[in-house]
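Heads up: the structure comes next, in C-alpha cells.
The values are calculated or read from the model by the stated rules, or taken from the named source; none is laboratory data. All figures in this text were calculated on a predicted structure; none of them were measured in a lab. A quick note on method: Cβ atoms are made from the backbone with ideal geometry, for glycine too, and the neighbour counts reach across all protein chains shown. Each accessible area value is taken on the protein alone, full model and side chains, heavy atoms only, with ligands, DNA and RNA left out. Shrake-Rupley method; radii C 1.70, N 1.55, O 1.52, S 1.80 Å.
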Amino acid sequence: MRDSADIFFAIMRAQLDYARCIDDDRLEEWPDFFADDCLYRVTSAENLRAGMEASLIFANSRGMLKDRVSALREANIYERQSYRHILGAPCLLSQKNERYRSETSFLVARILRGGATEVFATGRYLDLYGFEHGALKLFERVAVCDSSRIDTLLALPL
Amino acid sequence: MRDSADIFFAIMRAQLDYARCIDDDRLEEWPDFFADDCLYRVTSAENLRAGMEASLIFANSRGMLKDRVSALREANIYERQSYRHILGAPCLLSQKNERYRSETSFLVARILRGGATEVFATGRYLDLYGFEHGALKLFERVAVCDSSRIDTLLALPL
Amino acid sequence: MRDSADIFFAIMRAQLDYARCIDDDRLEEWPDFFADDCLYRVTSAENLRAGMEASLIFANSRGMLKDRVSALREANIYERQSYRHILGAPCLLSQKNERYRSETSFLVARILRGGATEVFATGRYLDLYGFEHGALKLFERVAVCDSSRIDTLLALPL
C-alpha cells in the first residue's frame, strides 16, 4: 500500500497533466492517460441520477480513444476553439487493491477564435486510478456534466 | 500543535467535502461541517470594507443552519438549479490555540435546469477552523462575495 | 537541492498570495513578488505560437512594475472593477540551479462595480521561481491568455 499523501500528489499531477494535454492541443497524447482496458464516459448529472446508461461519449479501450482523436483531427475542431480546464483538488474517496477512486470538480471554459470566452461545462470527474507498467493510469473516467444541455457539437474531450 | 502540512490537508479536504455536499444536493449534511456554536455569514466585499455588520445570510448556531435547510427544502429550490463550487487551495493565515484561520477563493457556477450555466458568485471564504470532539469543524465562515449585486433569491448556501 | 514537496507548497503559497494581493486591492505589494531583475509579460497563446515577441504588457525590472502600479492608481481603475483569480495547482516542470519552472492555469473573473461578473481572462502562467535574499520570488512570469481578444483597457495585472 502506498502512502496516501503520495497518492494524492500523483493523482493531482495526473489531473493537471491531463488538462494541459487538452488545453495545449496535444490530443495525440490524451489516450496515454488511460489504461489499455479503460472506460471513458461523458454523461450528465440528470442521466446519472436516473440510472440511465446513455452517454454523450463512450469508449471502453484506449484504441477507441485514439480513433476519437483521429476523427477530431479530421474535423479540425482546434481551428475554431480551445479549452481551459480549471480543476479543484482531487478528493480521494476510497482505495482497494491499489486502485484509487477520486472525485474532482471541473470548470471548462471555451475560447472561440477571435471571440468570446464562455463557461462551456461544469461538473465532476469520477475516476478510478491505478498503476499499469509502473505508471499511474485512468482505468475509469466518468465526466458528469452538471447541465443536461451540453453542446451537441461536443467534440474535445473533457 | 499539529503539523502545518497535516492541517493544510485537513482543511483542504474539509473545503472539498463542504462543496461536494452542496453541489450533490445533500443539504441535510451541511450543518455538520460547523461547530455547535458557530458563526455563518454571507456578505459582500463592499459591506466588509464599510465595516457594516449587515449580512445577506446570518446564523450563529448549528440549529439555525438546520432551520435554513428545512426552509430550503420547503421552497424546493433544487428543482430549478444546482451549483458547482470551484475552490482555490486554502491559504493558512494564522493559528492560535488549535484554531486555524484560512482564506479560500471561490467561484460558484449556477446551472439552471435545462438552461444555461452562469457565474453566480465569486469571492472568498474567511474561515476559522478548529477541532470539536476530534473532528475538524468550522467555528466561523464568512463568505465575502465580490459583487454587491447578489441575487436576492440567494438560497443555497455558499 | 530542496525537497520537491516543499517547493510545491512554497510555489503554491506564493501563487495564492500573489492573487490575493491583486484581488484585495493591495497593488503596492505586487512588485515584491518579483526579483529585482525580472521579466513580466502578458501575451496571448496565438502570439506565443507564432513566436512573436509582442506583449500586451512588458516589464523587465521591479522598478517598471512599481511605475505600472503608480499609473494604475492615477487611473483609479479600482473604483470601477475588481478581479477574482481562480488558480489551478502549480505544475512543476523542471528545476535547475535552484530555479523552478512551473505552469499554472488561471481563470480571472472581473466584477464591475454594481454590475455583472464575467469571465475576464483564462490562460496559464509560465513561471520561473527562485530564491533571492532567502525569499521565493518570480524571476519570470509570462501570463499567456487563451484569447487574443483581450480587453484593450487591460489594466490590472494578471
Query raised in the report: Can you name the chain A residue with its Cβ nearest the rotation axis from A to C, and give the distance in Å as a whole number?
Result: A:86, 3
Report summary line: Taking the dipole of the protein assembly as shown about the Cα centre (Lys, Arg +1; Asp, Glu -1; charges at Cβ), the one of A:12, B:54, C:134 that reaches farthest to the positive side is B:54
Query raised in the report: Measuring with a 1.4 Å probe in the full set of protein chains, what accessible area per residue, in whole Å², belongs to segment B:4-145?
Result: 41 Å²
Report task. For C:96, B:137, write out the residues from largest to smallest accessible area, computed with a 1.4 angstrom probe and no ligands counted. Result -> C:96, B:137
Report task. Could you work out the mean count of beta carbons from other protein chains within 10 Å of each residue's beta carbon in C:82-93? Result -> 6
Requested in this report: Count, for each residue of B:37-48, the Cβ atoms from other chains sitting within 10 Å of its Cβ, then give me the mean as a whole number.
Outcome: 1
Report summary line: Note on chain B: alpha-carbon gyration tensor, axes a ≥ b ≥ c; rule is a/c under 1.5 for rounded, else prolate if a/b larger than b/c, else oblate; result prolate
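Let me check I have the definition right: for segment C:1-72, take the eigenvalues of the Cα gyration tensor, multiply each by 5, take square roots. What are those semi-axes in whole Å, largest first?
On the way: eigenvalues 105, 75, 31 Å².
Semi-axes from the Cα gyration tensor: 23, 19, 12 Å.
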Requested in this report: Jot down the radius of gyration and Dmax of segment C:76-158, Cα atoms only, both in angstrom.
Outcome: 15.1, 48
**Report entry** Cα-based helix-to-principal-axis angle, B:62-75 vs chain B, degrees rounded to 10
**Finding:** 20 degrees
Query raised in the report: In terms of modelled amide H atoms, which long-range or inter-chain residues lie less than 5 Å from the amide H of residue A:57?
Result: A:42
Report task. Return, for the Cα atoms of segment A:38-125, the radius of gyration and Dmax in Å, separated by a comma. Result -> 15.6, 48
Report summary line: Share of accessible surface on carbon and sulfur in chain B, whole %, 1.4 Å probe and ligands ignored, is 48 percent
Query - Accessible surface buried once C binds B (1.4 Å probe; total of both sides; Å²) - result: 1700 Å²
Query raised in the report: Of A:103, B:46, which has the most accessible area with a 1.4 Å probe, and how do the rest follow in descending order?
Result: B:46, A:103
Query - Per-pair calculated FRET efficiency, R0 = 60 Å: residue A:5 and residue A:54 via Cβ, rounded to 0.05 - result: 0.95
**Report entry** Solvent-accessible surface (1.4 angstrom probe) belonging to residue A:117, in square angstrom, nearest 10
**Finding:** 40 Å²
Report task. Normalising by the residue count of segment A:4-145, find the relative contact order in percent from Cα pairs under 8 Å and 6+ residues apart. Result -> 26 percent
Requested in this report: Find the percent of Cα-Cα distances in the protein assembly as shown that exceed 33 Å, and round it to a whole number.
Outcome: 37 percent
Query raised in the report: Tilt of helix B:4-23 relative to the longest C-alpha principal axis of chain B, in degrees (0 to 90, nearest 10)?
Result: 20 degrees
